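Read through the structure below, which is laid out as structure tokens, and then see the notes.
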Amino acid sequence: MDNLILKVCTKVLFTPIILFGLYVQFHGDFGPGGGFQAGVIVAAAFILYAMVFSVEDCKVIMPPKLNFFLLALGAFLYGFVGIIGLILGDPYLSYDVLGTTKEAGQHIGILLVEFGVGLTVCNVMISLFYSFANFNFGKKNND
Amino acid sequence: MFLAVLIALSVSFLLILVRLIIGKTTYDRILAANSIGTIIVLAISVHGFYMGRPEFIDISIVYALINFIGTVAVLKLFDKGTLGDK
Amino acid sequence: MINSKSIALFLFLLGFWLLMSGHYTVLITSLGVISCLLCVYLTIKGNFLDNETIPIYFFPRLIQYTIWLIKEIFISNITTAKVILSKSEEPELFSVKATQKTNEGKVTYANSITLTPGTVTTQIKDNVFEVHALTKEFGDDVRGSEMDRMVTWLEKGK
Amino acid sequence: MLDLSIQIISIISFVGGVFFILTGSIGLIRLPDVFSRIHAAGMIDTAGASFIILGMILQSGFSLITAKLVFIGIFIFFTSPITGHVTANLARKKGVIPIGKTKGKTL
């Protein structure tokens, strides 16, 4: 959209939204939130940027190749944390063995798994937007 | 006290809903939807205090955010007919 | 890359994080610092870390301006409530000239006009604003250009 | 004593917020066209929201909740004029004609 106010204010709002998403990500075990919501909030910042400027501008910040790499990395992280437990002789996705004590292991395990979920959700949202953004809803351009 | 505020917010929600339904132009409807969003943001945090769980405030920040981005998306869709560049 | 703007943005974001967080363990706080660095890095990568993103020269006069703006908003809210309840609206549309030089100054002025109920900026073209006012008094307030002078004063900084 | 006066101020602030929100919604129904209704919506977003948030700040005492409430207030203050302006701009661009007189040259 060619609108001065929207452009300047999006620039101002971009970083606080991403930081809020990361806050929800890392405080998932203290309050409402977690990986899924955090991923959606971070993706919302990118989508806002892509809508107000253009998809090409957003691809400068988040190139499609990096997007796919991070998408796969998130899923890999999730599975990897699970398999560590399996190797060390516990069931799949058991966090107790990750730290020195049971508590610390739980904390680190939940943090890592949630981070994987957040990374995947965020990048799936962005790649969905990249794929469908230029879909025209049967309306002609009238400007 | 919080309950009274919640009831008043619901009354104004219903009043704005009337505007959302009778509409006339699309812009009226977008405006009414945006105002309903603000009312809901306030209602979520007041409800959090009413239930004695103020951590609901995180949710209302998220709601305010999604309300803004959703309004921008709908406006862009009406402007260009697409969310992308074309 | 490391200049006054990136440092100011980093400190602003770190303050935001510390006020939100409430859990000041080493792990969470270091994750917060990394998150803030990531945000600053994203602005540098997207090439939009400029005066519009973080207008540092606004800061010395920002508090005084905010207090003045809140007073204006309060007064015009009461007037708008009176107009709505007494059914005495006579809307009008006119254009005013803005004396700000930069984009961020113009946006601050336009947002201040819209934020005071009773007046809305409808279009911006270069430095001419088209404003819709609810009554003639609100229109006179904008045409009297007190707000314009305040924003230009804010824009000049120190 | 201090506690009681804080309670009273917070109740006054809630009443003020509710008054502005109800007036705004009445205005949203009663005013004649889109451009006038934006003023009523702006009233809900500024006075209504800030008074209710002020009331909650007084209720919560001084803690990190206060900071989060202030962030909600700042966020609403930041985004309300943007959506108002963009709606008005789009309505104007698509040729909705405002009721009332126009003074001088308009864009």
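Read-outs throughout are calculated quantities, based only on the coordinates presented, and are distinct from any laboratory measurement. The structure presented is a predicted model; accordingly, all values stated were derived computationally and were not measured. Cβ: placed from backbone, ideal geometry, glycine included. Neighbour counts: every protein chain shown.
Hydrophobic long helices, here whole DSSP H runs in chain C with Kyte-Doolittle means of at least -0.5 and Cα atoms spread over 27 Å or more along the helix axis, are found at C:26-45, C:59-86. Highest mean packing first, where packing is the average number of other Cβ atoms within 10 Å per residue, the peptides B:3-12, C:125-134, A:114-123, A:79-88 line up as A:114-123, C:125-134, B:3-12, A:79-88.
Each of D:41, D:18, A:110 was placed along the dipole of the protein assembly as shown (beta-carbon charges, centred on the mean Cα), and the one lying farthest toward the positive end is D:41. Seen against the Cα atoms of chain B and their longest principal axis, helix B:26-50 is set at about 20 degrees. Here the Gaussian network model covers chain B, with springs between Cα atoms less than 10 Å apart; of B:59, B:30, B:21, B:21 fluctuates the most. Projecting the Cα positions of D:100, D:29, D:2 onto the charge dipole of chain D (unit charges on Cβ atoms of Lys, Arg, Asp and Glu, taken about the Cα centre) puts D:100 furthest along the positive direction.
I'd like the FRET efficiency for residue C:146 and residue A:97, computed as 1/(1 + (r/R0)^6) with the beta carbon distance as r and R0 of 56 Å, rounded to 0.05. E(calc), rounded to 0.05, equals 0.25.
Just counting partner chain Cβ atoms within 10 Å, what average do the residues of peptide B:31-44 show around their Cβ? Can you show the working numbers first?
Details: counts 12, 5, 0, 9, 14, 2, 4, 11, 8, 0, 7, 10, 1, 1.
What the average comes to for B:31-44 is 6.
As a rough guide to protection, the peptides D:9-18, A:89-98 ranked by mean Cβ packing within 10 Å, highest first, stand as D:9-18, A:89-98. Using only side-chain charges placed at the Cβ, +1 for Lys and Arg and -1 for Asp and Glu, the dipole size of the protein assembly as shown relative to its Cα centre rounds to 1380 debye.
Using a 10 angstrom Cβ neighbour count of at most 12 plus a DSSP loop assignment to flag exposed trypsin sites (Lys or Arg not before Pro), which longest range of chain A is free of such sites? Intermediate values should be presented prior to the final figure.
On the way: sites that count: A:139, A:140.
Here the longest run is A:1-138.
Nearest 10 degrees, 0 to 90: what angle lies between the long axis of helix B:2-22 and the longest principal axis of chain B (Cα atoms)? Helix B:2-22 sits at roughly 20 degrees to that axis. In summary, the lysines within cross-link reach of residue C:136, defined as a Cα separation below 19 angstrom excluding same-chain residues under 8 places away, comprise C:82, C:87, C:97, D:101, D:103, D:105.
If you take the beta carbon distance between residue B:18 and residue D:99 as r and set R0 to 22 Å, what does 1/(1 + (r/R0)^6) give as a FRET efficiency, to the nearest 0.05? Let's see the in-between values first.
Details: r = 20 Å, r/R0 = 0.91.
Result of the calculation: an efficiency of 0.65.
So for each of B:65-71, B:13-19, B:49-55 I average, over its residues, the number of other beta carbons within 10 Å; can you give me the resulting order with the highest mean first?
Details: B:65-71: 19.6, B:13-19: 18.0, B:49-55: 14.1.
Averaged packing, sorted descending, gives the order B:65-71, B:13-19, B:49-55.
Modelled spin-label separation between residue C:57 and residue A:7, with each label point placed 7 Å from Cα along the Cα-to-Cβ direction: 2.0 nm. For the residues of D:95-102, the average number of beta carbons from a partner chain within 10 Å of their own beta carbon is 5. Working from Cα positions, state the angle (0 to 90°, nearest 10) between the long axis of helix D:2-30 and the longest principal axis of chain D. That works out to roughly 20 degrees. Partner lysines whose Cα lies under 22 Å from the Cα of residue B:80, excluding those fewer than 8 positions away in the same chain, are identified as A:7, A:11, A:59, A:139, A:140, B:24, C:125, D:93, D:94.
Rounded to the nearest 20, the Cβ-based charge dipole of the range D:2-93 about its Cα centre (Lys and Arg +1, Asp and Glu -1) stands at 340 debye.
Extending 7 Å from the Cα toward the beta-carbon at both residue D:8 and residue A:69 defines two label points whose distance is 6.5 nm. Placing +1 on each Lys and Arg Cβ and -1 on each Asp and Glu Cβ, with no other charges, gives the range C:36-158 a dipole about its Cα centre of roughly 340 debye. In this structure, the amide hydrogen of residue C:23, modeled 1.01 Å from its nitrogen in the peptide plane, lies closer than 5 angstrom to no residue at least 5 positions away or on a different chain.
For peptide C:28-37, what's the mean number of Cβ atoms from other chains within 10 Å of each residue's Cβ? Don't jump to the answer; show the numbers that get you there.
Working: counts 5, 0, 0, 7, 5, 0, 2, 8, 4, 0.
The mean count of partner-chain Cβ atoms within 10 Å per residue comes to 3.
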